[in-house]
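Read the structure below first, then the notes.
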Amino acid sequence: MASLLRNAARMQPTITRAIRTQAPMARRSMASQTPPRNATAAAMAQAPESSGYEQPFFPDEPTGPMIRTEIPGPESKKAIIELDKIFETRSLNMMTNYQNSYGNYIADLDGNVLLDVYAQIASIPVGYSNPSLMLSATSPEMISAIINRPAMGNFPQHDWAEILETGMLKVAPKGCNQVFTALAGSDANELAFKAAFMWRRRQERGGPDVEFTEEEIRTAMNNQKPGSPDMSILSFKTGFHGRLFGSLSTTRSKPIHKLDIPAFDWPQASFPHLKYPLEQHAEENAKEEQRCLEEVEHLLKTFHSPPAAVIVEPIQSEGGDNHASPAFFQGLRAVTRKHNVLLIVDEVQTGVGATGKFWAHEHWNLQDPPDMVTFSKKAQTAGYYFGNSELRPNKPYRQFNTWMGDPARALLFRAIIQEIERLNLVQNTAETGDYLYNGLTDLSKRYPKEIQNLRGTFIAWDSPRRDEVLKKAKGVGINIGGSGEKAVRLRPMLIFQKKHADILMDGLEKIFKS
């Protein structure tokens, strides 16, 4: 094993030079012989030149989409038939050739190249086949993490603290200096719930050194009180926090997620339903937010299963891209503090630069930070940040599983952070977001029936023919997604630029005219 790592270390300079010096298209297709290998190259050759007013982050990226066939095309249809024999395909969006996908563009098996403003449900941060991430993937420490995947709770690797400190803790939200790593967003939220419950019971017992009673030990094994206490997590209507049992009990976005699955009897409060344009409905919206805050406080005081925490998304993503003002979240922080209830901010979809801040809750200007912030998606790993050491369990194995995250993914997040900083991508997202929002505002004036309730931070709008728009978008070279009942949501990567926004808006106008 030692010799293997030595060989990998010796190979690294060669690999690095190879990636840096290969021709751009060779770099993109180096991992695959899947035809058509030159789909993105063809798009580069045939697409019209962009206006050239900004330096591209991926100089050899396609200059626009290219559509060769219907989507799915013949090769994709064959692949779908084969896959359906062994794997669920009814939720399939498109069959993708990732080795031919590059930058902001996603390719399929038929040579079609689409501008991707959905990005694997908001999960790709710095572009497909990013060369910097490829370098990270070939490092000896990445190789070791993959093939010697450690059980982190029992056998953490020697440099785990350094990986965390130079990676995910480098971008920790204000007030957080610790992290518990996890496998996925649902897992991160469930672990945060457990931390909240243990914190509450620790308070009720009188401190971390108070031992469990014999009755608690006995009843816990029978899922009975007091060992299995009567507590809850308060969430919001139309919110989404995952599909595991605890996280699913707080998910309220769509019935299809929850049907037939037993759930905890936990409370839900109304999330503000704002009217747009915001400046024309300021008084009404303020009253709506106050109504929702009063409902939260009422539930905290009266619900039969006392909430240990409130979980909220900065923007309700799956539920329809629903927004609230900073004043609402400031009020929510105040009411949770008033009633000694933890505030968990679910940044699984909104985090890692997606809203023009590294963490979306930074837009709220909170003086008192959240107790826990969960993350995943663009981080390519998962977990929750926290600052209060009382949120650590008082005994080992209480917050535990075999993997407790994945060091390979933590290394990847570190490389993503470095790429974001190198290219100043959070600032780019803020500037491009303003440009796109202004362009969509103009478009909505020309097509008011097509773009309704345009909203920002995460840009989305309501469409009376949403599903038709999403389907037609592929025909004009745009991969886009929806949320809720009628929202079109944009989830571009952090490398999305003004030239890409122009392509998107041109494509949308073609759809609106059709």
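In a Debye calculation with equal point scatterers on the alpha-carbon sites of segment 304-408 and no solvent, what is log10 I(q)/I(0) at q = 0.13, 0.19 Å⁻¹? Taken in order of the listed q values, log10 I(q)/I(0) reads -0.54, -1.08. Our summary gives the chain a relative contact order of 20 percent, counting only alpha carbon pairs under 8 angstrom and 6 or more residues apart. Per-peptide packing, taken as the mean over residues of other Cβ atoms within 10 Å, places 199-208, 404-413 in the sequence 404-413, 199-208 from highest down. Computed with a 1.4 Å probe over protein heavy atoms only, the accessible surface of the chain comes to 46 Å² per residue. Dividing the radius of gyration of the alpha carbons in segment 365-514 by their Kirkwood radius gives 1.08 for Rg/Rh. For segment 186-299, with all protein chains in place and a probe radius of 1.4 Å, 54% of the accessible heavy-atom surface sits on carbon or sulfur.
Cα centroid separation, segment 197-227 to segment 466-514: 51 Å.
Rounded to the nearest 0.05, what FRET efficiency is calculated for A430 and E88 with R0 set to 35 Å and r the Cβ-Cβ distance? Efficiency, from the Cβ-Cβ distance: 0.40. Solvent exposure of H304, expressed as accessible area, is near 110 Å², computed with a probe of 1.4 Å over the protein chains only.
Solvent-accessible surface (1.4 Å probe) assigned to V210 amounts to roughly 60 Å². When the Debye formula is applied to the Cα atoms of the chain, each taken as the same point scatterer, what base-10 log of I(q)/I(0) results at q = 0.12, 0.13 Å⁻¹? Log10 I(q)/I(0), no solvent term: -1.21, -1.38.
Does segment 278-317 classify as rounded, prolate or oblate by the C-alpha gyration tensor (a ≥ b ≥ c root eigenvalues; a/c under 1.5 gives rounded; else a/b over b/c gives prolate, otherwise oblate)?
oblate
For n ≥ 4 DSSP H runs only, could you compute -39500 (n - 2.57) per run for the chain, divide by its residues and tell me the 222 nm figure to the nearest 500?
-12500 deg cm²/dmol
Packing order of peptides 98-106, 86-94, 369-377, highest average first: 369-377, 98-106, 86-94 (average count of other Cβ atoms within 10 Å over each peptide's residues).
Partner lysines whose Cα lies under 16 Å from the Cα of K287, excluding those fewer than 8 positions away in the same chain, are identified as K275.
Helix 407-423: angle to the longest alpha-carbon principal axis of the chain, degrees 0 to 90, nearest 10? On a 0 to 90 degree scale, this one is about 60. Computed FRET efficiency, Cβ-Cβ of I217 and F264, R0 25 Å: what is it to the nearest 0.05? It comes out at approximately 0.65. Within the chain, DSSP assigns beta bridges of which about 65% are antiparallel (rounded to the nearest 5).
Gain on full extension, evaluated as 0.36 nm per residue between H304 and R446 minus their Cα-Cα distance, stands at 46.0 nm.
May I ask you to derive the relative contact order of segment 144-281, considering only C-alpha pairs under 8 Å and at least 6 residues apart, and to give it as an integer percent? About 16 percent, as a whole number.
How big is the shadow of the Cα convex hull of segment 465-514, averaged over all directions, in nm²?
Result: 3.5 nm².
Phi angles across segment 321-332 convert, under the Karplus curve 6.51 cos²θ - 1.76 cosθ + 1.60 with θ = phi - 60°, into 3J(HN,Hα) values of 6, 8, 10, 9, 7, x, 4, 5, 6, 4, x, 5 Hz, Gly and Pro given as x. Extents of segment 430-514, largest first, come to 29, 25, 24 Å (Cα atoms, principal axes, whole angstrom). A straight chain from H257 to Q290 at 0.36 nm per residue would run longer than the Cα-Cα distance by 8.9 nm.
Hey, which aspartates and glutamates would be in cross-link range of K499, C-alpha to C-alpha under 20 Å, not counting anything within fewer than 8 residues on its own chain? Answer for K499, where 20 Å is the Cα cut-off: E49, E54, D60, E61, D116, E431, D434, D442, E509, listed by chain and number.
The values are calculated or read from the model by the stated rules, or taken from the named source; none is laboratory data. In this text, all values refer to a predicted model and were calculated from it rather than measured experimentally. All Cβ positions, even for glycine, are placed from backbone atoms using ideal geometry, and neighbour counts span all protein chains on display. Ligands, DNA and RNA are stripped out before the accessible areas are found, and what is left, the full protein with its side chains, is counted by its heavy atoms. Shrake-Rupley method; radii C 1.70, N 1.55, O 1.52, S 1.80 Å.
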